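One structure below.
Rule-based calculations on the coordinates, nothing more; no lab input. All values derive from a computational prediction rather than experimental measurement. Heads up, the Cβs are rebuilt from the backbone with ideal geometry, glycines too, and the neighbour counts pull from every protein chain shown.
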Amino acid sequence: MKSAFYPGSFDPVTHGHADIIARAAAVFDRVVIGIGVHDAKRPMFNAQERIDMLQKVLDDLSSNARRPCTFEIATFDGLAIVAAQEAGAQVFVRGLRDGTDLDYEAQLAGMNAAMAPQIETIFLPASPTVRHIAANLVRQIATMGGDTTPFVAAHVAHALAARVQQ
Ligand code: ADP
C-alpha cells in the first residue's frame, strides 16, 4: 500500500488544496494530510477548526472518488519530513503553482531528501482552474469583507465570514 503525506498550513483549506488531495488520491492508497501547527505562524483558525473544515472537504472528496483511498489528518509542529516518516509515508506531495513555488519547493525537496532519502517528493502541477488560489490571499479577501466562495468550499467561506465579524 502506497502512502502519501501532503503537508501545509490549510489555514483554511482551499479549492487548490482539495484539487491536489483529489489527484493524490487517484494515485495513492492512503493520503495523510499534515496540518502544520507551529505557534509562531499565528493562524486565523486553530488546529481543531482547520481539522474540522478539512474533514468535511475529505468527506466530499470520498463520496466523489473514482477509486478507494483512505484519508487521514495529522497535525505536526516540527519538520514536515519527520511527520511524513512518522505517518509511514513513502511519498511527500507538494503542489506547484508557479516558478516561485518551484524554486522554493525544489530546494525543500533537496533538503528533505538529505534528511529522509527513503521518502520521494512528488510535485503535482496546480490545475489551471485553481492555480491562482492561495490561502493567504483568501484570508486577506475575507478580512476586507470580500466573497471567498470562488476559492473555498461553502462551509469554509461561512467560517471565514464569521471569523472576520468577531
Ligand atoms: P498556501 O500556500 O495557499 O498558504 P499551504 O502553505 O497550506 O497553502 O500549501 C500547502 C501545499 O499546497 C503547498 O505544496 C502548496 O504549493 C500547495 N498549494 C496551495 N495552494 C495551491 C493551489 N491553488 N494549487 C496547487 N497547489 C497548491
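Could you compute the FRET efficiency for Met1 and Ala47, with r as their C-beta to C-beta distance and R0 at 30 Å, rounded to 0.05?
0.65
In deg cm²/dmol and to the nearest 500, what is the mean residue ellipticity at 222 nm of the chain if only DSSP H runs of at least 4 residues count, each as -39500 (n - 2.57), divided by the residue total?
The per-residue figure over the chain is -13500 deg cm²/dmol.
P(r) for segment 1-132, please, calculated from all Cα pair distances in 10 Å bins and given in %.
Distribution as computed: 12, 44, 38, 5 percent.
Fewest Cβ neighbours within 10 Å first, please rank His17, His38, His158 accordingly.
Arranged by neighbour count, lowest to highest, His17, His38, His158 become His38, His158, His17.
Quick one: in segment 58-166, what % of C-alpha pairs are over 19 Å apart?
The share of Cα pairs beyond 19 Å in segment 58-166 comes to 62 percent.
Estimate the FRET efficiency between Met111 and Gln165 by the formula 1/(1 + (r/R0)^6), using the beta-carbon distance for r and 35 Å for R0, to the nearest 0.05.
It comes to 0.30.
Counting other Cβ atoms within 10 Å, keep those with at most 15, restrict to DSSP loop, and tell me which trypsin sites (Lys or Arg not before Pro) in segment 31-70 are left.
Filter output for segment 31-70: Arg66.
What is the magnitude of the charge dipole of the chain about its Cα centre, with +1 placed on the Cβ of each Lys and Arg, -1 on the Cβ of each Asp and Glu, and no other charges, expressed in debye to the nearest 20?
On the way: 14 positive and 17 negative charges, 47 e Å.
Dipole size: approximately 220 debye.
Using the Cα atoms of segment 119-166, I'd like the radius of gyration and the largest Cα-Cα distance, Dmax, both in angstrom.
Expressed in Å, the Cα Rg and Dmax of segment 119-166 come to 13.4, 43.
Rounded, prolate or oblate for segment 67-130? Axes are the square roots of the Cα gyration tensor eigenvalues, ordered a ≥ b ≥ c, and the cut-off for rounded is a/c under 1.5.
Taking the square roots of the gyration eigenvalues as a ≥ b ≥ c, segment 67-130 is oblate.
Each residue of segment 27-37 in order: what ³J(HN,Hα) in whole Hz does its phi give by Karplus 6.51 cos²θ - 1.76 cosθ + 1.60, θ = phi - 60°, with x for Gly and Pro?
So the Karplus estimates, Gly and Pro as x, are 10, 9, 7, 9, 10, 9, 9, x, 9, x, 10 Hz.
With just the Cα atoms defining each centre, how far is segment 134-166 from segment 1-31? Give it in Å.
Going from one Cα centre to the other spans 21 Å.
Could you bin all the Cα-Cα distances of segment 49-101 into 10 Å bins starting at 0 and give me the percent of pairs in each, rounded to whole numbers?
18, 38, 41, 4
Name the long-range amide H neighbours of Thr121: under 5 Å, sequence gap of 5 or more, or other chain; modelled H, no Pro or chain starts.
Those qualifying (amide H under 5 Å, at least 5 residues apart or on another chain) are Phe92.
Express in nm, to one decimal, how much length is gained between Ala40 and Ala154 on full extension, taking 0.36 nm for each residue of separation and deducting their alpha carbon distance.
38.2 nm
Percent relative contact order of segment 70-125, based on C-alpha pairs within less than 8 angstrom and at least six residues apart?
44
To make sure I understand, if each residue's beta carbon is the centre and we count other beta carbons within 10 Å, what order do Ser63, Ser9 fall in, fewest to most?
In increasing order of surrounding Cβ atoms, one gets Ser63, Ser9.
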